[in-house]
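Enquirer: Please see the structure below; I have some questions.
The values are calculated or read from the model by the stated rules, or taken from the named source; none is laboratory data. From a predicted model like this one, the values you see are computed outputs, not experimental measurements. Here the Cβ positions follow ideal geometry from the backbone for every residue, glycine too, while neighbour counts run over all protein chains shown. The area values use the complete protein model at the heavy-atom level, side chains included, leaving out ligands, DNA and RNA. Shrake-Rupley method; radii C 1.70, N 1.55, O 1.52, S 1.80 Å.
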Amino acid sequence: MSKPTPEVYEQGKGMDAHNQAMREIRSRKEASYDPHEPTRVWLDEDNTPDGVKQSLTIILNTGGCRWARAGGCTMCGYVAESVDGGSVSHEALLDQIDVCLAHEADNAEEPADLIKIYTSGSFLDEREVGAESRRAIADTFADRERIVVESLPDFVDREKIGDFTRHGLDTDVAIGLETATDRVRHDCVNKYFDFADFEDACAEAAAADDDADSGVEAGIKAYLLMKPPFLTESEAVADMISSIERCADVEGCHTVSMNPCNVQRYTMVDDLYFEDGYRPPWLWSVAHVLAETADVDAIVVSDPVGHGSDRGPHNCGECDDRVQKAIKDFDLRQDPSVFEQVSCECELTWETVLERERSFNQPLTR
Ligand code: SF4
Ligand SMILES: [Zn+2]
């Protein structure tokens, strides 16, 4: 098999300038991590198509995303946490899973029904996680109800999903689609694939769903990015509303997780932020998009990370916690009336930003 190089990934994609800038930014980070330890692991609860479940979330350390090594997405700092330059062995990956199981045993009363595995890359890319490791991990969690694995759309296929569904596990593939608009994904996020690739991945998941035993489901969870760099607040809002509607219309996609951009270190967004060229989205925008799309045929959730801080999605500082709480309530209940119960004087500023911010004068507020 030929070895992928950053140059091969760039070729013909018209992304050389973004990638060159991103490679320089990422190279400022120097760190290495133990391949026997997961990047992170935590317990939480999540809304799934079968209701709210206790979850165990694992960020596996797999050597990182190859696209990130080529330069990668303008907002993504996760690669900085991956093992330098190499792949992680089967044994080391299973050691990481053992660390996660021990964390769960120490901190939860009972095993979580829902397992979520992210890799800062693609769990279904066999150069990151080989077939042997994938099947061993499926065996390990065979007694749970549902599993979510993260992947770019290129690597999604019905047989790989079948490794999980054959254990009776409902299986979701989480895809970082970011936006349904190809131009925004290419030019603002610097992500290389097209909406059509996402649709193909959804079709693979739908086929895996058909192949699975009755009562076992397979589907796609789309992750969207609200307000990549270079969009105004109102452009970002419009892009998210249309993206959620388009994703919900694709067969096989049952959940959309719309996440506001936050400013991570060693990213282009961080450089722009530092030069007063980027403000994370308002929490009012997040609430507005959720309310506007509440009737689509999919679960729509949002988990604003770093809410209320200057580097995360925020309002005025007074109302951030209340709006965040309404968003979390919406995630569990899917009822837009939760947003009627929160208000603040800063809504007027937000409305003014929506009306007056243009790409040449943004951000209009801090
Ligand atoms: S967002 Fe995903 S595809 Fe983009 S650089 Fe980060 S890990 Fe890679
Ligand atoms: Zn406020």
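Enquirer: Is it the case that residue 354 is away from ligand 2 (no atom under 14 Å from the Cβ), in contact with a strand residue (DSSP E or B) (Cβ under 8 Å, 6 or more places away or on another chain) and assigned to a helix (DSSP H, G or I)? Quick ask: steps written out before the conclusion?
Expert: Details: away from ligand 2 (no atom under 14 Å from the Cβ): yes; in contact with a strand residue (DSSP E or B) (Cβ under 8 Å, 6 or more places away or on another chain): no; assigned to a helix (DSSP H, G or I): yes.
Judged against the criteria, residue 354 is not a match.
Enquirer: Specify which of the listed residues (147, 117, 58) is under 30 Å from residue 187 (Cα atoms) and outside any helix (DSSP H, G or I). Please lay out each step first, then the result.
Expert: On the way: 147 fails: under 30 Å from residue 187 (Cα atoms); 58 fails: under 30 Å from residue 187 (Cα atoms).
Every option except 117 fails the conditions.
Enquirer: Go through the range 15-55 and give me each residue that's closer than 24 Å to residue 134 by Cβ and in a loop (DSSP other than H, G, I, E, B).
Expert: Residues of the range 15-55 closer than 24 Å to residue 134 by Cβ: 33-44, 46, 48-50, 53-55.
Hits for the range 15-55 are 33, 34, 35, 36, 37, 38, 39, 49, 50.
Enquirer: Which condition does residue 287 not pass, out of (1) in contact (Cβ under 8 Å) with a residue 60 or more places away in the chain; (2) out of contact with any strand residue (DSSP E or B) (no Cβ under 9 Å at 6 or more places or on another chain), if it passes all the others?
Expert: So the condition that residue 287 fails would be (1).
Enquirer: While we're looking at this one, here's another question. Could you grab me the full set of residues in the range 120-144 that are over 14 Å from residue 88 (Cα atoms) and either open to solvent by 10 Å² or more (accessible area, probe 1.4 Å) or in a helix (DSSP H, G or I) (or both)?
Expert: 135, 136, 137, 138, 139, 140, 142, 143, 144
Enquirer: Let me ask something else about it. I'm trying to understand the selection: among the residues of the range 295-342, which are over 23 Å from residue 280 (Cβ atoms) and surrounded by 14 or more Cβ atoms within 10 Å (Cβ to Cβ)? Give the derivation first.
Expert: Step one: filter the range 295-342 for residues over 23 Å from residue 280 (Cβ atoms), giving 295-299, 332-335, 337, 340-341.
Correct list: 296, 298, 299, 332, 334.
Enquirer: Moving on. Looking at residue 246, is it surrounded by fewer than 18 Cβ atoms within 10 Å (Cβ to Cβ), among the charged types (D, E, K, R) and either touching a residue at least 24 places away in the same chain (Cβ under 8 Å) or out of contact with any helix residue (DSSP H, G or I) (no Cβ under 6 Å at 6 or more places or on another chain) (or both)? Spell out the reasoning first.
Expert: Numbers: surrounded by fewer than 18 Cβ atoms within 10 Å (Cβ to Cβ): no; among the charged types (D, E, K, R): yes; either touching a residue at least 24 places away in the same chain (Cβ under 8 Å) or out of contact with any helix residue (DSSP H, G or I) (no Cβ under 6 Å at 6 or more places or on another chain) (or both): yes.
Criteria not met by residue 246.
Enquirer: Exactly one of (1) surrounded by fewer than 17 Cβ atoms within 10 Å (Cβ to Cβ); (2) within 26 Å of residue 256 (Cα to Cα); (3) modelled with pLDDT under 85 is unmet by residue 16. Its number?
Expert: Of everything listed in (1) surrounded by fewer than 17 Cβ atoms within 10 Å (Cβ to Cβ); (2) within 26 Å of residue 256 (Cα to Cα); (3) modelled with pLDDT under 85, residue 16 misses just condition (2).
Enquirer: Here is a further query. Hey, can you tell me all the residues within the range 258-271 that are over 16 Å from residue 230 (Cβ atoms) and open to solvent by 10 Å² or more (accessible area, probe 1.4 Å)?
Expert: Taking the range 258-271 first, the residues over 16 Å from residue 230 (Cβ atoms) are 258-259, 262, 264-266.
259, 262, 264, 265, 266, listed by residue number.
Enquirer: Restricting attention to the range 184-238, which residues are within 24 Å of residue 251 (Cβ to Cβ), among the aliphatic types (A, V, I, L, M) and part of a loop (DSSP other than H, G, I, E, B)?
Expert: 212, 216, listed by residue number.
Enquirer: Which is among the polar types (S, T, N, Q) and either under 16 Å from the mean Cα position of the chain (by Cα) or farther than 30 Å from residue 52 by Cβ (or both), of 165, 119, 171?
Expert: Details: 165 fails: either under 16 Å from the mean Cα position of the chain (by Cα) or farther than 30 Å from residue 52 by Cβ (or both); 171 fails: either under 16 Å from the mean Cα position of the chain (by Cα) or farther than 30 Å from residue 52 by Cβ (or both).
Going through 165, 119, 171 in turn, the sole match is 119.
Enquirer: Continuing with this model, one more query. I'd like to check something: does the range 320-339 contain any residue that is assigned to a loop (DSSP other than H, G, I, E, B), of a type in the set (A, V, I, L, M, F, W, C) and near ligand 2 (Cβ under 10 Å from one of its atoms)? Break it down into steps so the answer makes sense when it comes.
Expert: Initial filter on the range 320-339 (assigned to a loop (DSSP other than H, G, I, E, B)): 334-335.
The next check asks that each one be of a type in the set (A, V, I, L, M, F, W, C); those that pass are none.
The answer is no; no qualifying residue exists.
Enquirer: Would you check which residues across the range 278-316 are closer than 14 Å to residue 233 by Cβ and out of contact with any Leu (no Cβ under 7 Å at 6 or more places or on another chain) and list them? I'd like the intermediate steps shown before the answer.
Expert: Here is the first cut: in the range 278-316, the ones closer than 14 Å to residue 233 by Cβ are 278-289, 313-315.
The answer is 279, 280, 281, 282, 283, 284, 285, 286, 287, 288, 289.
Enquirer: Which one of these does residue 276 not meet: (1) surrounded by fewer than 18 Cβ atoms within 10 Å (Cβ to Cβ); (2) modelled with pLDDT of 95 or more?
Expert: The single condition residue 276 does not satisfy is (2).
Enquirer: With the requirement that a residue be more than 16 Å from ligand 1 (Cβ to nearest atom), among the polar types (S, T, N, Q) and closer than 30 Å to residue 350 by Cα, what does the range 184-242 give you?
Expert: Once the filter is applied, which keeps residues that are more than 16 Å from ligand 1 (Cβ to nearest atom), among the polar types (S, T, N, Q) and closer than 30 Å to residue 350 by Cα, the range 184-242 yields 232, 234, 242.
Enquirer: While we're looking at this one, here's another question. Could you figure out which of (1) in contact with a Lys or Arg (Cβ under 9 Å, 6 or more places away or on another chain); (2) of a type in the set (Phe, Trp, Tyr); (3) buried (at least 19 other Cβ atoms within 10 Å of the Cβ) isn't true of residue 195?
Expert: Against the list (1) in contact with a Lys or Arg (Cβ under 9 Å, 6 or more places away or on another chain); (2) of a type in the set (Phe, Trp, Tyr); (3) buried (at least 19 other Cβ atoms within 10 Å of the Cβ), residue 195 comes up short only on (3).
Enquirer: Scan the range 234-243 for residues that are surrounded by fewer than 24 Cβ atoms within 10 Å (Cβ to Cβ) and touching a residue at least 12 places away in the same chain (Cβ under 8 Å) and jot them down.
Expert: 234, 235, 237, 241, 242
Enquirer: Taking the condition surrounded by fewer than 20 Cβ atoms within 10 Å (Cβ to Cβ) and either farther than 24 Å from residue 219 by Cβ or within 16 Å of ligand 2 (Cβ to nearest atom) (or both), does residue 108 pass?
Expert: Working: surrounded by fewer than 20 Cβ atoms within 10 Å (Cβ to Cβ): yes; either farther than 24 Å from residue 219 by Cβ or within 16 Å of ligand 2 (Cβ to nearest atom) (or both): yes.
Yes, satisfied.
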